[in-house]
Structure formats: structure tokens, C-alpha cells
Amino acid sequence: MDKHALLSEVTALARSGALSQSELNQAFQAGSSTHPHGMAERIRFTEILYYLGGFIIFLGLVILLGQNWEHLNSIARILITLGSGIAAYFMAVLFLQNAAASRLSIAFFFLSAILLPIGIFVTFNEAGFSTDDSGINTVLSGILFAVYLASFFQMKRTLFLFFSVVFGTWLFFAFTSFLMSTSGMDFGWRFYAYRILLTGLSYVLLGQSFRSKNLSGDLTGFLFATGTFGFLGAALTLGGWTPEQSMIWELLFPGIVFAIMFLSIPLKSRSFLIVGAGYLMVYLVKITSEYFSEGLGWPLALILLGFAIIGVGYYAYHLNKKYLTT
């Protein structure tokens with residue numbers, strides 16, 4: 001039976017009441033989901049091969065440059081690095097125009113995202129600029145961030161969104177370092193910890209925004225995991241160590257961890273639960289060794305610590321089983 005005859009039959013059945021819309025939807029969903037898992041696995045495996053191929057091409061170029069760098073002039077260095085990155089980008093755009101070869105664009109977009117930062121670095125370096133300067137790094141990261149953010153809005157590819165986040169993070173750190181250098185003030189290591197704290201929080205908020213707009217599920221998981229890891233790591237670091245510890249951060253940290261773990265329920269994210277439980281265990285070890293490492297209280301503290309870690313593990317398992325397991 002061809003498609004038109006089948007649709008006519010469905011229309012007749014629906015008119016007679018022998019076929020409901022819900023039954024039709026169920027049949028359609030059952031048919032459309034017959035092979036999606038295997039197809040998705042094949043597509044994911046193919047994408048991994050594309051990324052791997054792009055990385056191997058990049059590795060070959062790096063080895064080629066390393067072997068001949070001293071024999072190349074400035075123009076040749078720029079053409080091989082920046083020129084290759086631009087060429088890879090435009091080749092990917094051309095592949096994207098062809099439906100049959102569109103998936104090949106992944107490898108070349110990935111290759112361009114690796115080569116372009118190197119090419120821009122080489123170009124600025126050959127032009128006599130100091131690439132160690134925070135102001136120059138602000139310009140470099142700003143260029144790359146603008147290129148990949150504009151590419152995402154134009155072509156709606158998750159890869160562009162990922163590199164926009166990467167280059168945007170670089171821009172944030174470079175620009176804040178530039179501001180610190182121009183102010184003449186030295187905020188010490190805490191300045192870096194606070195920036196990581198803000199970056200982690202930004203990743204979590206971005207991940208939730210991407211999820212609400214259905215932009216990229218894979219990227220959301222990555223942002224949740226790295227965001228919570230960086231945020232809690234910075235918060236734990238800001239607590240310091242005796243005798244220079246910050247009592248405010250040491251007292252705030254358990255509340256922050258439990259809040260992160262509870263957020264795993266409404267956000268349906270195991271990243272919050274797993275990372276939060278891991279950091280809670282680290283915090284318990286830190287507090288125990290910091291305040292109970294001397295005297296007869298040390299063995300007792302270790303025993304209590306062991307029970308506490310077991311309790312954290314059970315609590316995380318209970319939350320995962322009750323609220324996150326579907």
C-alpha cells in the first residue's frame with residue numbers, strides 16, 4: 001500500500017470513529033522510535049571519528065611546524081597557522097551547504113577552532129606584540145569570542161556554542177587581569193578564586209538557560225558539571241587553612257554544598273548531586289585534619305569522619321534513587 005492509499009484509509013477510519021487521534025499518535029511514535037537508539041549511536045560514533053580526524057590533522061600540522069619552525073619566515077608561519085584555520089573554517093561552511101556532506105563540516109569546524117587561536121597568537125607575535133600581555137589576550141579572546149558567537153547565531157551549531165563559552169571564559173579572565181594590572185593593585189590568590197567562583201556560577205546559569213531554550217542538552221550537562229566543580233572548588237579554597245582560614249567561608253561552605261545537592265532535584269541533574277557529595281566529603285576531611293589532627297581527639301575524629309562520609313554516600317544515593325532515577 002502506498003502512502004496516499006494509507007492516508008486515505010486512515011482518514012476513513014478516523015471519520016468512522018474506528019481510529020482515535022491518540023491511537024494514531026501512539027502508532028506514529030512507536031514507528032518513529034523503532035531505530036533511534038541505534039541511529040543515535042552510529043551518529044555519535046561518526047562524530048567522534050570526525051573530531052578524532054580533525055585532532056590528528058592538527059597534530060600533524062603541529063609536528064610539521066615544530067620540525068621546520070626555525071626555517072620558516074613570518075609570512076609562512078602565519079599562512080600555515082592562521083591560514084589553515086581560516087581555510088578549515090570556510091571548507092566547513094562549504095560542506096555545510098551540501099546536505100550529503102554536511103556532517104563532514106564538524107571535523108573542519110573543530111579543526112578551525114583549534115587552529116585559529118594559534119594562528120592569531122602567531123600573527124600578533126610575528127607583528128611584534130607581546131602575547132603574554134593581558135590587554136593583548138583580551139583582544140585575542142574578544143576576536144575569537146565574537147567569531148564563534150556570530151557563527152552560532154548564523155548556523156545554530158552546538159560546537160560554536162561550546163567554543164563561544166570557552167573563548168568567553170578566556171575573555172573574562174583576560175579582561176579582569178587587564179583591569180587589575182591597570183589599577184596597580186594586587187589582590188593575591190583570592191582574586192583568582194573569586195573569578196573561578198563567578199565563572200562556575202555563570203556556567204550553571206548558562207546551562208539552565210540553554211536547557212530552557214532547548215539549545216543543547218549535551219552542553220548543558222557539561223556546563224552543570226564544570227560549573228558546580230569550579231564554584232565549589234573556589235568556595236572551598238576561599239576557606240583557606242589554619243591559621244589564615246576564613247571563618248565566614250568555612251561556615252558558609254556546608255550550606256552551599258547542601259543547597260547544590262538539593263538543586264539536583266528540581267534541575268534533574270546528577271552533576272549537582274555527585275559533585276556536591278564529593279566536595280562535602282573533601283570538606284569533612286579538611287575540617288577534621290585542620291582542627292582535630294592533634295591529641296587524643298584525632299582517632300575519634302577519624303572514626304566520626306568515616307561515619308559521616310558513609311552518611312553522605314547514603315544520602316546522595318537516596319536522593320538519586322528517589323528523585324533522579326527515571
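Per-structure values
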{"quantity": "Gly142 vs. criteria farther than 24 Å from Asn214 by Cα and in a helix (DSSP H, G or I)", "calculated": "yes"}
{"quantity": "Checklist (1) surrounded by fewer than 14 Cβ atoms within 10 Å (Cβ to Cβ); (2) under 20 Å from Ile143 (Cβ atoms) applied to Gln67, failing item", "calculated": "(2)"}
{"quantity": "Residues of the stretch 67-100 classified as in a helix (DSSP H, G or I) and over 30 Å from the mean Cα position of the chain (by Cα), total", "calculated": "10"}
{"quantity": "Residue match in the stretch 221-240 (condition: within 30 Å of Leu159 (Cβ to Cβ), touching a Leu at 6+ places or on another chain (Cβ under 7 Å), polar (S, T, N, Q) and not assigned by TED's automatic domain parsing to the domain that holds Lys156)", "calculated": "no"}
{"quantity": "Members of the stretch 152-167 that are touching a residue at least 24 places away in the same chain (Cβ under 8 Å) and surrounded by 16 or more Cβ atoms within 10 Å (Cβ to Cβ)", "calculated": "Arg157, Leu159, Phe160, Leu161, Phe162, Phe163, Val165, Phe167"}
{"quantity": "Verdict on Val122 being outside the structural domain of Thr182 (by TED's automatic domain parsing) and of a type in the set (A, V, I, L, M, F, W, C)", "calculated": "yes"}
{"quantity": "Evaluation of Ser181 against (1) modelled with pLDDT of 85 or more; (2) among the small types (Gly, Ala, Ser); (3) outside the structural domain of Ile265 (by TED's automatic domain parsing) (one fails), failing number", "calculated": "(1)"}
{"quantity": "Tally of residues being surrounded by 18 or more Cβ atoms within 10 Å (Cβ to Cβ) and among the aliphatic types (A, V, I, L, M) across the stretch 168-185", "calculated": "2"}
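The values are calculated or read from the model by the stated rules, or taken from the named source; none is laboratory data. Because the structure is a prediction, the values reported are computed rather than measured. Cβ sites come from the backbone with ideal geometry, for glycine too, and all protein chains shown count toward neighbours.
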